[in-house]
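A.B. asks: Okay, handing you the structure first.
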Amino acid sequence: MTPVPSKPLLETLKGVRQESPPIWLMRQAGRYLPEYRALRAEKGGFLVLALDSEAAAEITLQPIRRFGMDGAILFSDILMVPMALGQKLWFEAGEGPRLAPVIANRAALDALVPDPRVLEPIYATVRRVKASLPHDVTLLGFAGSPWTVATYMIAGQGSREQAEARRLAYADPALMQALVDRIVDCTVDYLFGQAEAGVEAVQLFDSWSGSLSPAQFEQWVVAPTARIVAAFKARAPQVPVIGFPKGAGGKLAAYARETGVDAVGLDESVDPAWADAVLPEGLPVQGNLDPLALIAGGATLDAAIDRILGAFPNRPHVFNLGHGIQQDTPIEHVEALLARVRGR
């Protein structure tokens, strides 16, 4: 009988420390790869690619073929959930995503007509990738966390300080709660749909969690995330959940304890030795190389890698960036990163 190949990333997320940490990179499927740029030039814009399951599967697989990553992250976007909830989504060239109508009052929220069918191409992408993925590579799905998704739905686009969403949360907490409730329910269904299609682990991206006060962090980050994790695990108990609350800082330990996530992603501002000291014993961590150190390369990159590797002597660790890879990242620096992490 042929033994089933091990999946180092999946095993790590389930709490088994590996001698050499598995590695994948946030946004590893994307603009820094010439093969991605060629496909985008052929097919069109980002949203066209994300909703074309054949193209999205190819993009998901590109960094696996080139680098041999331990994880393949689904090529998609966190704003698929607002689209499924009834907002129109499009991307302005050079400016990023736009959503309409903006959610400024209860009437705007109630006017949304959800259409979960828009998520079907994403599930088709997962099935395509799963059929082509090497047996030792873990397939990762993802969604945005409710606070971060809500900031886009309220402002209609990304914003540095998330001022519109923060104002609404203070001025009309009932409306914010109603919006978050819808996002939570849709996100649970979306993640479960990905799991049914074949993803083996999922990540919740809370890219803007660092903009909140401690009380708001508990209300709009911790509580909704805990609801998602509990509901998702009731339906897919075998699928680990990675929580990535970017900018959480000193609130990271509470997030880890209270949300029920299986692993915590660390952004580049977190001291990994501090994280090892304050996080629950045995909880897997992921991260947290500064994407700009990867661009710098050389001795700077080597030293940063070594600091991270030395910070988790006994804890399950997935090597990753502290945020998404930048589009001007040299390919040879990614190759050097992989070689050093794997000790070759």
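The values are calculated or read from the model by the stated rules, or taken from the named source; none is laboratory data. This one's a predicted model, so the numbers in the text were calculated from it and none came from an experiment. Quick reminder, even Gly has a Cβ in these numbers, built from the backbone with ideal geometry, and neighbours come from all protein chains shown. The protein model used for the area step is the full one, side chains on, heavy atoms only, and it has no ligands, DNA or RNA in it. Shrake-Rupley method; radii C 1.70, N 1.55, O 1.52, S 1.80 Å.
A.B. asks: Go through A107, A169 for me and flag whichever is in a helix (DSSP H, G or I) and touching a residue at least 24 places away in the same chain (Cβ under 8 Å).
C.D. replies: On inspection, the qualifying residue turns out to be A169.
A.B. asks: Name, by its number, the condition in (1) touching a Gly at 6+ places or on another chain (Cβ under 7 Å); (2) free of Cβ contacts under 8 Å to residues at least 24 places away in the same chain that does not hold for F91.
C.D. replies: Result: F91 fails condition (2) only.
A.B. asks: Still on this structure, please answer the following. Mind checking which pairs have a first residue in the range 127-144 that is under 25 Å from I228 (Cα atoms) and a second that is open to solvent by 10 Å² or more (accessible area, probe 1.4 Å) and part of a strand (DSSP E or B), Cβ under 9 Å, 6 or more apart or different chains?
C.D. replies: Matching pairs, first to second residue: L139/I73; L140/I73; G141/I73; F142/I73; F142/F205; A143/F205; G144/F205.
A.B. asks: Residues being among the aliphatic types (A, V, I, L, M) and either in contact with a Ser or Thr (Cβ under 6 Å, 6 or more places away or on another chain) or at pLDDT below 95 (or both): count how many of those fall in the range 230-252.
C.D. replies: Taking the range 230-252 first, the residues among the aliphatic types (A, V, I, L, M) are 230-231, 234, 236, 239, 241-242, 248, 252.
Within this subset, residues satisfying the condition of being either in contact with a Ser or Thr (Cβ under 6 Å, 6 or more places away or on another chain) or at pLDDT below 95 (or both) are 248.
So the count comes out to 1.
Listed here are the residues, each with its yes/no results for (1) under 28 Å from V264 (Cβ atoms); (2) touching a residue at least 12 places away in the same chain (Cβ under 8 Å); (3) open to solvent by 10 Å² or more (accessible area, probe 1.4 Å).
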site	(1), (2), (3)
P8	yes, yes, yes
E11	yes, no, yes
P21	yes, yes, yes
R31	yes, yes, yes
E35	no, yes, yes
G44	no, no, yes
A56	yes, yes, no
R65	no, no, yes
I73	yes, yes, yes
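A.B. asks: Only one of (1) more than 13 Å from N288 (Cβ to Cβ); (2) surrounded by 14 or more Cβ atoms within 10 Å (Cβ to Cβ); (3) not acidic (D, E) is not met by H323, so which one is it?
C.D. replies: Among (1) more than 13 Å from N288 (Cβ to Cβ); (2) surrounded by 14 or more Cβ atoms within 10 Å (Cβ to Cβ); (3) not acidic (D, E), the lone unmet condition for H323 is (1).
A.B. asks: Continuing with the same structure: Of the conditions (1) hydrophobic (A, V, I, L, M, F, W, C); (2) in contact (Cβ under 8 Å) with a residue 40 or more places away in the chain; (3) touching a Phe, Trp or Tyr at 6+ places or on another chain (Cβ under 9 Å); (4) assigned to a helix (DSSP H, G or I), I242 satisfies every one except a single condition; which number is it?
C.D. replies: (4)
A.B. asks: The conditions are (1) open to solvent by 60 Å² or more (accessible area, probe 1.4 Å); (2) within 16 Å of V264 (Cβ to Cβ); (3) not polar (S, T, N, Q), and D306 fails exactly one of them. Which is it?
C.D. replies: The one condition D306 does not meet is (2).
A.B. asks: Still on this structure, I have one more. Specify the residue that is modelled with the lowest pLDDT; the eligible residues are those in the range 148-166 that are open to solvent by less than 10 Å² (accessible area, probe 1.4 Å) and in a loop (DSSP other than H, G, I, E, B).
C.D. replies: Q162
A.B. asks: Look at G310 and say whether it is at pLDDT 95 or above, assigned to a helix (DSSP H, G or I) and either within 21 Å of the chain's Cα centre (by Cα) or not β-branched (V, I, T) (or both).
C.D. replies: Here the answer is yes, as G310 does meet what is asked.
A.B. asks: Is there a residue being outside any helix (DSSP H, G or I), open to solvent by 70 Å² or more (accessible area, probe 1.4 Å) and not charged (D, E, K, R) anywhere in the range 130-143?
C.D. replies: Scanning the range 130-143 turns up at least one residue that is outside any helix (DSSP H, G or I), open to solvent by 70 Å² or more (accessible area, probe 1.4 Å) and not charged (D, E, K, R).
A.B. asks: Filter the range 1-50 down to residues that are farther than 20 Å from R65 by Cβ and of a type in the set (K, R) and give me whichever is farthest from the chain's Cα centre (by Cα).
C.D. replies: R17
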